[in-house]
Amino acid sequence: MKLISWVFVALLAIAVITLSVGNREAVSFSLFPLPFVMDIPLFILILLGGFIGVLLGAFRTWMANGKLRQKNRAQSQEILKLQGDLSRMTMEKASAPSPEQPALPEPKTPA
């Protein structure tokens, strides 16, 4: 599995390097309603857009899994409570004197 991860990272690095070398020309970047214009290399805009997309996707996934995290937290607390109850009952049983069990009656055999 680590090999697959390393191969994926290597291919991604090759793609980023190729993109960066091929798109070094400066382009004008402006935010239309604002008086903001900047000349920056095209590959920076592309990489920045991808990075912002990854961040927004991670945030959306984190928000979507909020109910599952809450349910998991509640179940973990319930498990801890039940484990505490079990250990308390086990200790009570071990420390309590055990009553003598009556002998079982002899089984009746048909004659």
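Quick notes on this one:
- Of the options (1) 6.9; (2) 19.6; (3) 22.8, only one is mean projected area of the Cα convex hull in nm² as computed from these coordinates, and that is (2).
- Rounded to 10°, Cα long-axis angle of helix 42-64 versus longest principal axis of the chain: 20 degrees
- Farthest toward positive dipole pole in the stretch 19-111 [+1 Lys/Arg, -1 Asp/Glu at C-beta], among Phe43, Gly53, Ser20: Gly53
- Note on Lys93: lysines with a C-alpha under 26 Å away, same-chain residues under 8 apart excluded, are Lys81.
- Loop-located trypsin sites (Lys or Arg not before Pro) across the stretch 1-93 with a Cβ neighbour count of 13 or fewer within 10 Å are Arg24, with loop assigned by DSSP.
The numbers here are math on the coordinates, done by the rules we state, and not lab data. Every value quoted in this text rests on a predicted model; they were computed, and no experiment measured them. Because the Cβ atoms are built from the backbone with ideal geometry, glycine has one as well, and the counts that use them run over all protein chains shown.
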